[in-house]
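Trainee: Here it is, the structure in full.
The values are calculated or read from the model by the stated rules, or taken from the named source; none is laboratory data. None of these values were measured; they are calculated from a predicted model. Every residue, glycine as well, gets a Cβ built from its backbone with ideal geometry; the counts of neighbours run over all protein chains shown.
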Ligand SMILES: [Zn+2]
């Protein structure tokens, strides 16, 4: 009788980090990369339903989720004692906004430490700005995959409010996604709706570095 050995399953975070490029990128390259990562997150975490359960991220062993009353949507730092990422979410925001922020913060965890390699020639404040936008794109596409949004749209679920309810996001996040996919015309450019997640105070960014 032969013996068989099984390799331990790679963690979701390990799977996603393995997909990160190791060379310098353009900002567009990064957006395409995070778009792929959003799909791979669903695959690696075995999410089959349209509405991603919050536990998909909150139950990952690499992080723990808590609350904050600071005037930010959320922030993340590394707990060196427990060897774990800590994500704090603003307790006063809606459940839908906190879901978005949780995915946004998890995006930061995935490519933590990589942005200086992706954009070695950019000043730090520009790298931070691109990373924030990338985290919004990651959250948006993980929570509202293009094929799932198109399927809803084609059965008549065309309003941001209905799409928002279906995917468990805020109406403004749904509106932005519908516009991004090209299913709705762009909003008035004088009313920018990004970024969704308020920039974090510099000390918190440094704490997370
Ligand atoms: Zn952020």
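Trainee: Only helices (runs of 4 or more DSSP H) wholly contained in segment 149-209 count here; list those with 3 or more residues that are surrounded by 11 or more Cβ atoms within 10 Å (Cβ to Cβ) and at pLDDT 95 or above.
Mentor: Counting at least 3 such residues, we get 160-167.
Trainee: Report yes if some residue within segment 92-103 is within 11 Å of the ligand (Cβ to nearest atom) and either under 18 Å from residue 20 (Cβ atoms) or outside any helix (DSSP H, G or I) (or both); otherwise report no.
Mentor: Yes, because at least one residue in segment 92-103 is within 11 Å of the ligand (Cβ to nearest atom) and either under 18 Å from residue 20 (Cβ atoms) or outside any helix (DSSP H, G or I) (or both).
Trainee: Where residues in segment 74-118 are within 21 Å of residue 31 (Cβ to Cβ) and more than 17 Å from the chain's Cα centre (by Cα), which of them is modelled with the lowest pLDDT?
Mentor: 116
Trainee: May I pose another question? May I ask you to list the residues in segment 68-88 that are loosely packed, with under 15 Cβ neighbours inside 10 Å and in a loop (DSSP other than H, G, I, E, B)?
Mentor: Residues satisfying the conditions are 69, 70, 71, 80, 81, 82, 83.
Trainee: Exactly one of (1) at pLDDT 95 or above; (2) within 16 Å of the ligand (Cβ to nearest atom) is unmet by residue 63. Its number?
Mentor: Evaluating residue 63 over (1) at pLDDT 95 or above; (2) within 16 Å of the ligand (Cβ to nearest atom) leaves (1) as the failure.
Trainee: I would also like to ask the following. Mind checking which pairs have a first residue in segment 108-127 that is within 17 Å of residue 32 (Cβ to Cβ) and a second that is modelled with pLDDT under 90 and surrounded by fewer than 19 Cβ atoms within 10 Å (Cβ to Cβ), Cβ under 6 Å, 6 or more apart or different chains?
Mentor: Pairs that qualify, where the first residue is within 17 Å of residue 32 (Cβ to Cβ) and the partner is modelled with pLDDT under 90 and surrounded by fewer than 19 Cβ atoms within 10 Å (Cβ to Cβ), are 115/127; 119/127.
Trainee: A further question follows. From the list 81, 108, 112, which one is away from the ligand (no atom under 16 Å from the Cβ) and more than 21 Å from residue 147 (Cα to Cα)?
Mentor: Just a single option satisfies the conditions, and that option is 81.
Trainee: Based on this model, can you work out whether residue 186 counts as closer than 26 Å to residue 68 by Cα, without any contact (Cβ under 8 Å) to a residue 24 or more places away in the chain, away from the ligand (no atom under 15 Å from the Cβ) and in contact with a helix residue (DSSP H, G or I) (Cβ under 6 Å, 6 or more places away or on another chain)?
Mentor: The answer is no for residue 186.
Trainee: Sticking with this one: Has segment 135-142 got any residue that is more than 14 Å from the chain's Cα centre (by Cα) and at pLDDT below 95?
Mentor: Taking every residue of segment 135-142 in turn, none turns out to be more than 14 Å from the chain's Cα centre (by Cα) and at pLDDT below 95.
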